[in-house]
Amino acid sequence: MKLLKMCLVVVSLVVLMAVSNVAFSADKLVVGFSQIGAESGWRSAETKVTYQEADKRGVELKFSDAQQKQENQIKAIRAFVAQEVDAIFLAPVVETGWTTVLKEAKEAGIPVFLLDRLIEDKDVDLYTSAIVSDQVLEGRLAAEWLAEATGGKANIVELQGTVGASVTNNRKKGFEEVVAQHPDMKIIHSQSGDFTRSKGKEVMESFIKAENGGKNITAMYAHNDDMAIGAIQAIKEAGLIPGKDILVVSIDGVPDIFKAMADGEANATVELTPNMAGPALDALIKFKADGVAPPKVIQTETKVYLPDTAQAEYDRRKELY
Amino acid sequence: MKQSSDPMSSKKPFRVFRGLPQLSMLVLILIINVINSPSFFNVTIQDGRLFGSIIDVFYRGVPVAILALGMTPVIATGGIDLSVGAVIAIAGAVTASLAQTDLAGWQIISLVLMTGLACGLWNGLLVAWLGIQPFVATLILMVSGRGMAQMITEGKILTFTNPAVDFISRSAFLTVPTAIIIMLAVLLMGWVLLRGTALGMFVEATGINRVASTNVGVKTGAVLTTVYMWCGFCAAIAGLIITSDIRGADANNAGLWLEMDAILAVVIGGTSLLGGRFSLGFSLLGALIIQAMNTGILVSGFKPELNYIVKALVVLAVLCAQSPALRIFMAKLGQKRRAAS
């Protein structure tokens, strides 16, 4: 008897859940997100923010971590198509090789949003919209801040990212554009620090030695925050005060640079927002509601952060990264 | 000093002494550096430590030098250890996570070194007892090790402040940075271990012919396991130094591609990838050549795009200078000239 009762309870629960599930899924959007992996702090933050943004809008997120492999992303997209999701978010690990699988998604009528990275031009018709940051603008904003802080007069050393990476080229280009407008601003050294702390430190050490113990250097511009953090240590070890003797400006907005700014060791960072999913979700919801086709390229907001808000920003971000 | 350990040198009349190509290359690179940047040899004292570009060559060369010291006997057995970069990442991750606990400095350091030994033991067992080719055996840890390190750090860059770990990169002994002292200590340790005992000879014998060595009673399995453990131990020390330098463990990037630099240093030092005769001192010299080049390029103001090309040309030049074919050619040329006069 007891057993029968139990069975009854279980069966009714299952039925109830199934019904409620159907009821929910009728108006709840389902998005499949194929993420590259968790190779950097920024990438993990992007994943966390995507969950949060989906939650905020009552969207169900199906997440797939590709562990840096395109074949995993292709598998994930096929699985999403089979599950008939409402949209696919894709952070493509490489630019090429997406034609076949994205055609399948298109034929199934599922819109695809690219997050953070683009794919090759010939596949431009196969995705609905791409949410990207403006890397040239990031470089430009860093230079504009520096021009203002130094009154347009500065000897700058530059720590580049990995040689040949598009983000390196763009952040360099934007920065140089603005420097060219100021005759008294000069980039006196520029070398690659491979986006890492230890290379950033090593390169900065050599710059300091090449420039009379760092006395000729007004400011240091790094293509990412991690290299800047390494460089700050090099400046300190050379007996100079980072943020004062040598101004420090970099790009990304990772928590540790906000900590350095709060400590007065860095002066400015240009944020590369990990919130790529928010604008994508907004565009998707609008598209589903009134059929407005989203623009092909959606630029995320690019913002300069200064020491005054650093402590608050650090507290806000340290859980994300 | 090294000549005594080299029974071949007396039999080759055309060679002045064994380290000549390496030494002359190092001197040449340093001369080019000082032409490019006249302050290259300026040394001052900053916070009680020597400070200058030439000091950077030694200080920044330490991780690769220590790796090369570990790699040398492995290569002398005809093996290779591709996993040292990953072991650096693991050691760094372990260092950073332990540095946040209440453990004493010596406890942290010994745990990290034990991690390195364990990684080496794993490689050694795969190579010696399962007979897997070293390239493949160590590839396993090269790939999985970085993943392990990322698991320990949860994909973040773990930063810490710990006086004991800071000591490694921030202190100095008689104004010489501690890391350089550690490198010399590792050289001494390796020399005592390999040349102070018969182990070095067993290593060379194993590298030349493992079957024959086994037949004459050399416990080649134990020899191989020992050299891989030594290599893991050295990688852990390098990991400690790199982590201490930036006061953080960067599992994605720490030690990335350093296995290649270490192998290159050993090869520049004249140890053959086919195994056999080896020299710790020349491997160290090889590491310094690589770093003298790196530091020189950084101060010179070359475009970063040129770095790899310049590096490749220098390496090519060193290897050509060592090439037996070239030596025989030069000797013949010399004989002809003598005959003509």
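Observations
- Residue within segment B:222-234 that is surrounded by 18 or more Cβ atoms within 10 Å (Cβ to Cβ) and free of Cβ contacts under 8 Å to residues at least 24 places away in the same chain present: no
Here's the yes/no breakdown for (1) at pLDDT below 95; (2) polar (S, T, N, Q); (3) within 30 Å of residue A:190 (Cα to Cα):
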site	(1), (2), (3)
A:80	no, no, no
A:89	no, no, no
A:113	no, no, no
A:116	yes, no, yes
A:132	yes, no, yes
A:135	yes, yes, yes
A:141	no, no, yes
A:149	no, no, yes
A:163	yes, no, yes
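- Selected residue (criterion: nearest to the other protein chains (Cβ to nearest Cβ)) from residues of segment B:246-257 that are in contact with a Gly (Cβ under 9 Å, 6 or more places away or on another chain) and surrounded by fewer than 24 Cβ atoms within 10 Å (Cβ to Cβ): B:252
This table checks each residue for (1) under 30 Å from residue B:210 (Cα atoms); (2) open to solvent by 40 Å² or more (accessible area, probe 1.4 Å); (3) within 12 Å of another protein chain (Cβ to nearest Cβ); (4) out of contact with any strand residue (DSSP E or B) (no Cβ under 7 Å at 6 or more places or on another chain).
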{"position": "B:19", "(1), (2), (3), (4)": "yes, no, no, yes"}
{"position": "B:58", "(1), (2), (3), (4)": "no, yes, no, yes"}
{"position": "B:66", "(1), (2), (3), (4)": "yes, no, no, yes"}
{"position": "B:90", "(1), (2), (3), (4)": "no, no, no, yes"}
{"position": "B:122", "(1), (2), (3), (4)": "yes, yes, no, yes"}
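- Meets criteria (open to solvent by 40 Å² or more (accessible area, probe 1.4 Å), closer than 20 Å to residue B:46 by Cα and within 14 Å of another protein chain (Cβ to nearest Cβ)) for residue A:241: yes
- Residue within segment A:305-315 that is at pLDDT 90 or above, buried (at least 16 other Cβ atoms within 10 Å of the Cβ) and under 28 Å from residue A:88 (Cβ atoms) present: no
- For segment A:1-42, a tally of residues being surrounded by 19 or more Cβ atoms within 10 Å (Cβ to Cβ) and either modelled with pLDDT under 60 or outside any loop (DSSP other than H, G, I, E, B) (or both) returns 7.
- Residue B:132 open to solvent by 50 Å² or more (accessible area, probe 1.4 Å), within 14 Å of another protein chain (Cβ to nearest Cβ) and in contact with a helix residue (DSSP H, G or I) (Cβ under 9 Å, 6 or more places away or on another chain): no
- Some residue of segment A:120-139 being in contact with a Ser or Thr (Cβ under 6 Å, 6 or more places away or on another chain), under 22 Å from residue A:29 (Cα atoms) and not charged (D, E, K, R): no
- Candidates B:153, B:161, B:178 - the one that is within 14 Å of chain A (Cβ to nearest Cβ), of a type outside the set (Lys, Arg) and exposed (fewer than 14 other Cβ atoms within 10 Å of the Cβ): B:161
- So residue B:168, is it part of a helix (DSSP H, G or I) and over 22 Å from the mean Cα position of the chain (by Cα): no
- Restricted to segment A:104-217, the set of helices (runs of 4 or more DSSP H) holding at least 2 residues that are within 14 Å of chain B (Cβ to nearest Cβ) comprises A:166-180, A:197-210.
- For the criterion of being under 24 Å from residue B:19 (Cβ atoms), open to solvent by 60 Å² or more (accessible area, probe 1.4 Å) and away from every other protein chain (no Cβ under 14 Å), residue B:264 fails.
- Among the candidates A:294, A:279, residue that is open to solvent by 10 Å² or more (accessible area, probe 1.4 Å), assigned to a helix (DSSP H, G or I) and in contact with a strand residue (DSSP E or B) (Cβ under 6 Å, 6 or more places away or on another chain): A:279
The values are calculated or read from the model by the stated rules, or taken from the named source; none is laboratory data. Every value quoted in this text rests on a predicted model; they were computed, and no experiment measured them. Please note: Cβ atoms are built from the backbone with ideal geometry, for glycine as well, and neighbour counts cover all protein chains shown. What goes into the accessible areas is simple: the full protein's heavy atoms, side chains included, and nothing from ligands, DNA or RNA. Shrake-Rupley method; radii C 1.70, N 1.55, O 1.52, S 1.80 Å.
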